Amino acid sequence: MRKTILIVEDDKLVRDILKCALEREYIILEASRYSETIEQLKNPVDLALIDYDLPDRDGFEVLNALREAIPALPAIIITAYSQEELVIKAIKAGVTDYIKKPMCLKYLQSKLSEIFGGNKVEELPIVVESRDKFIIDGVSLYLKENYMKELPRKKIMNMAGMNRNKFSKIFKERVGLTFKSYLKKMRIGKAVELLKNPDLSITEIASSVGYSSVQQFERVFKEEHGVSPNEYRKKLNTEQPSQST
């Protein structure tokens, strides 16, 4: 059964990014303030991810309220502050972890897996250099989960809250590719995997990786691999090792 994580964070964009990063593995509940957190207690909660700086209470007050209802609730405090007294307060409150914002989403995913019985995380928490880079990490995750959908750059820029120039600059710095190249690489990479399945037609593959036009898919694929999808599939078949009888 999937575990349930309650995200208590007043910044909607940050909350959306955290949800995108975690919702494949966990059931996600959301709250933006103390009052909404209390309302969520009608649902079962297995872990709380709590921002320290909330509009109506601080994160520790929220944690205390949660633990009145669920005494052994694991909790991670996230904060943009790094004062020693906050760290000490977090330790005294018995938090499971304390992560400084902007955080590394991969570290958070690994830490949650450890808390719920996975492998122990040996590395220290990684702090992402800026909020903008954290947002691009979230965009990258969103693209990985939604590459098969129509993803116009303007829609993604609006989600990130950035203008075209800023988005293009930070995306290239963070990912190492332009938005268009990154999306193309992801889609064509998935198409290569699907071409191994002889039961799927080229039209079906094109549609399943986000291309509404087979012609566009074939053109982009050829740009990337130098051959058409059909030719690539034939090459794959000839490279298959012969089965001994």
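Overview of results
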| read-out | value |
| --- | --- |
| Matching residues in the range 186-221 - criterion: being exposed (fewer than 14 other Cβ atoms within 10 Å of the Cβ) and in a helix (DSSP H, G or I) | G189, E193, T203, E204, Q215, Q216, R219 |
| Residues that are surrounded by fewer than 14 Cβ atoms within 10 Å (Cβ to Cβ) and not β-branched (V, I, T), drawn from the range 81-121 | Y81, S82, Q83, E84, E85, K92, G94, K106, G117, G118, N119, K120 |
| Residue identified as closer than 18 Å to T79 by Cα and in contact with a helix residue (DSSP H, G or I) (Cβ under 6 Å, 6 or more places away or on another chain) among I99, I135 | I135 |
| Residues located in the range 146-176, provided they are surrounded by 12 or more Cβ atoms within 10 Å (Cβ to Cβ) and within 17 Å of A206 (Cα to Cα) | N146, Y147, M148, L151 |
| Residue list for the range 122-142, restricted to those being surrounded by fewer than 18 Cβ atoms within 10 Å (Cβ to Cβ) and either more than 17 Å from I17 (Cβ to Cβ) or of a type in the set (A, V, I, L, M, F, W, C) (or both) | E122, E123, L124, I126, V127 |
| Selection within the range 185-197 - over 19 Å from the mean Cα position of the chain (by Cα) and in contact (Cβ under 8 Å) with a residue 12 or more places away in the chain | I188, A191, V192, L194, L195, K196 |
| Single condition L66 does not satisfy, out of (1) within 24 Å of the chain's Cα centre (by Cα); (2) modelled with pLDDT under 95 | (1) |
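The values are calculated or read from the model by the stated rules, or taken from the named source; none is laboratory data. Predicted, not measured: the structure shown is a model, and the values here were computed from it. FYI the Cβ positions are ideal-geometry reconstructions off the backbone, even for glycines, and counts take in every protein chain you see.
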